[in-house]
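The values are calculated or read from the model by the stated rules, or taken from the named source; none is laboratory data. The model shown is predicted, which means the values in this text are computed figures rather than measured ones. Every residue, glycine as well, gets a Cβ built from its backbone with ideal geometry; the counts of neighbours run over all protein chains shown. For accessibility, only protein heavy atoms count, side chains too; no ligands or nucleic acids. Shrake-Rupley method; radii C 1.70, N 1.55, O 1.52, S 1.80 Å.
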Amino acid sequence: MSQKWIEQNKPWIDSTWEKLDKKLSAVAVKSREKIPYTTKDGVHDNMIETRPEWWTNGFWGGMMWLMYLGSGKEEYKKTAQNAEKLMDAAFKNFKVLHHDVGFMWHIMSGASYRITGDTESYNRNLYAAAMLASRYNIDGQYIRAWNVEGSEGWSIIDSMMNIPLLYWASEEIGDDRFKRIAMKHADMAIRDHIRPDGSVNHIVEHDTETDAVIKIHGGQGYDETSCWTRGLAWALYGAVLSYIHTGKKDYLDAAVKTASYFVVNCAATDYLTVVDFKAPPEPVYYDSTAGVIAACGLLEIAKYVSEAEAGVFAGAAVSILKATDREFCNYSDSEDSIVQMGTERYPVNETIPGVHIPIIYGDFFFVEAMLKLKGNGFLIW
């Protein structure tokens, strides 16, 4: 990314990071014995007590490592290391673990190993990589998403963000088996999940014995023809990560294609990301998490494209982050979370929960993006 974007926005970057550090340095101690997902009455919940296998449980520890890298404060390191130990409970039930083990361990244990050299973290991350690789369908050449009956042939766009765990494993053990699986899955995603216009399918159902597509499922978007924005963010960031790890230009092209679609549509809503870009215009449902995920990907894409394209993507990332900071962030002591207005899925009816709530990965990706803007080159993926 051009230094121009950092220099032009340095006062805002520095002041925003200062607010993050001031708040999170206190929350890191307050929530040290927790694995948060959201908040209730401003207080972090604790998934380790209810669902230690929940797919978001690595974001808290991962965010603590990012804050440690950006500040050098030992309290963040202590909380990150404790979160990793708490997460050992998830290894006790193999049946409930699925394609999201990259989210659960790579950004936490993987980061720990790369930052400290901790051998226990190394082992945890390799166990997770082996689990993810074991989900690969050899005939269909995709990583199966979930374990529930009837989902045997399902792949989802989210897995693009989990396969960096496999790239890491191949690099660490000097064996390209894991990398080959990751690339085969990425190739499938470009073919079957990314549409010609740059929007994405969330869930694709395959014939389990071939690579044929049987059906497209709407998943967490409005319907099967719409474009769930967080899924699109997973696609653009995941694609550029595959490019970074492999150098295969098809992945950068896919990242640019999906990013272009994201930027155009996000600009139309003043850089405050809605839940689905192809949903009806009313009522308006936001998903702040999609915006900050995309911002991280856009900042990475900007490093590998022409200067003109870099300006578009980096500029959009900064616009998203500024809008998020202005409209969706809470820096008060009365609320443990920071980024508000996250939404788990498009609420097709009034009974669907998880609409306009703080979600831990919103905080994680906002911190990650701000660390990038501070000039820190550590890629946690």
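At a 1.4 Å probe radius, which order do LYS34, LYS22 fall into by accessible area, largest first?
LYS22, LYS34
Express in Å², to the nearest 10, the accessible area of ILE138 obtained by rolling a 1.4 Å probe over the protein heavy atoms while all chains stay in place.
Probe radius 1.4 Å; accessible area of ILE138 about 130 Å².
Rank by packing, highest mean first: peptides 106-117, 159-170, with packing defined as the count of other Cβ atoms within 10 Å averaged across residues.
The most tightly packed comes first, giving 159-170, 106-117.
Starting from the 7 Å offset along Cα-to-Cβ, what nm value, one decimal, do you get for the label separation of GLU172 and ALA89?
2.4 nm
Placing unit charges on C-beta atoms (Lys and Arg positive, Asp and Glu negative, everything else neutral), compute the dipole magnitude of segment 291-358 about its Cα centre in debye, rounded to 20. Each step should come with its number before you reach the end.
Working: 4 positive and 10 negative charges, 40 e Å.
Charge dipole of segment 291-358: 200 debye, to the nearest 20.
Could you check how much of the accessible area of the chain is carbon and sulfur, as a whole percent, using a 1.4 Å probe? Walk me through the numbers before you get to the answer.
Numbers: 7380 of 14760 Å².
Result for the chain: 50 percent of the exposed heavy-atom area is carbon or sulfur.
Taking the solvent-accessible surface of protein heavy atoms with a 1.4 Å probe, what is the per residue accessible area of segment 158-244 in Å²?
Roughly 34 Å² per residue, with all protein chains present.
Comparing GLY150, GLY61, GLY247, which has the greatest mean-square fluctuation in the GNM of the chain with Cα pairs linked when under 10 Å apart?
Looking only at GLY150, GLY61, GLY247, the largest GNM fluctuation is found for GLY150.
Quote the FRET efficiency, to the nearest 0.05, computed for ILE352 versus SER306 with a Förster distance R0 of 30 Å and r equal to the Cβ-Cβ distance. Mind showing how you got there, number by number?
Working: r = 42 Å, r/R0 = 1.40.
It comes out at approximately 0.10.
In nm, what is the difference between 0.36 nm times the number of residues separating LYS248 and ILE115 and their Cα-Cα distance?
Here the segment from LYS248 to ILE115 would lengthen by 45.2 nm.
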